[in-house]
Amino acid sequence: MNFRKNYLSFFLLACFVCGVCLADRIILKEGQTITGDILVEKEAVLYVDIGITVLSIPKDKILEYEYSQATEQEVNDVNDLATSSPSGVPRTATGKTDSQLYRTAKSSLRSHYGGEGLQKTTIEKCVAAYSEAVVKVSSPAGLGSGFFINENGYLITNYHVIENETRIEVTMFQKAKTGFEKKTFKKVKIEAINPFVDLALLKVEDLADTKVKFAYLGDMEQIKVGEAVFAIGNPLGLERTVTNGVISTKSRAFEGLAYIQTNADINPGNSGGPLFNLAGEVIGVTNMGYIFFGGLGFAIPVDYVKHFIENREAFAYDKDNPNTGYIYIQPDRRRNKAKPEFLGKKN
């Protein structure tokens, strides 16, 4: 009996220590919380190291679970931007599992660094931290921009950049001792497309051992009209061009969709590239601009981007129907063709 009590006490102590160490967190449907290191995630089960043993937890018993361990890039990004944080308290990037593809920089109770969030800093520091995530997307029809959303080679660009094309190349710009080094990848798979919101999800499949720098997706609720933003892209083929401005409005309506309007210059070749806030988060995907009227640029809000990624199976690319055609079904015609009675009445 004493052995069982001691074992239970040791188990609870181990769970407490794991919680203090900010380990991964699993909440069961029955209300219990388990903290530890998620060693392996399979389709139907999680294997969790709780310190004294490894538990196998069926996913159908789990309400939700959260990774709190930062990736190497997340640690570096937080450290790079921490020196410019007014409060000195940055946050790490957490919040999304691999099944959701993208990363955010939302604050987390289990964040390794605590605090309220990545603080705004200068464009110079943000460009130094995140410009490697921005790529050039080329096809026989032309070129545009894009950006990686995770370390596995998934990236976002505009649908119109790759429209009707399957031979796609992605050029990455990596920091080197003497500037930047170009790396071009030719094995690029189209994962999903949505012509209605002008978005495409691609995956570079020939990365080999190349390390990918990715960008974090922001939150539209945190965006304010008048706040400073900047874009990185390849306008007119001028690679890695940075332009800056402010948010002119968060919801400019075009053909049934709301766009971010900015006075940052957006030109052909910027299409598909990221619009950043000064915390280094992507808040939109640039896709329109008036060439002969400066200060009128537009970007797809990040909320549309998240919805597209999370529902990518619904927009999965079909090689036999590359444009994902659609037909609107006409409503049924009125069968009683007689003149309605109320039209014959006089007031």
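Regarding region 3-10, can at least one residue be identified that is at pLDDT 85 or above, over 26 Å from the mean Cα position of the chain (by Cα) and not acidic (Asp, Glu)? Scanning region 3-10, I find no residue that is at pLDDT 85 or above, over 26 Å from the mean Cα position of the chain (by Cα) and not acidic (Asp, Glu), so the answer is no. Looking only at residues of region 229-247 that are of a type in the set (Gly, Ala, Ser) and more than 20 Å from the chain's Cα centre (by Cα), we find that the one that is farthest from LEU275 (Cα to Cα) is GLY237. A count restricted to region 177-231 and to residues that are of a type in the set (Phe, Trp, Tyr), touching a residue at least 60 places away in the same chain (Cβ under 8 Å) and not in a loop (DSSP other than H, G, I, E, B) stands at 3.
The values are calculated or read from the model by the stated rules, or taken from the named source; none is laboratory data. Computed from a predicted model, the values in this text were never measured in an experiment. No Cβ is skipped: glycine too gets one built from the backbone with ideal geometry, and neighbour counts run over all protein chains shown.
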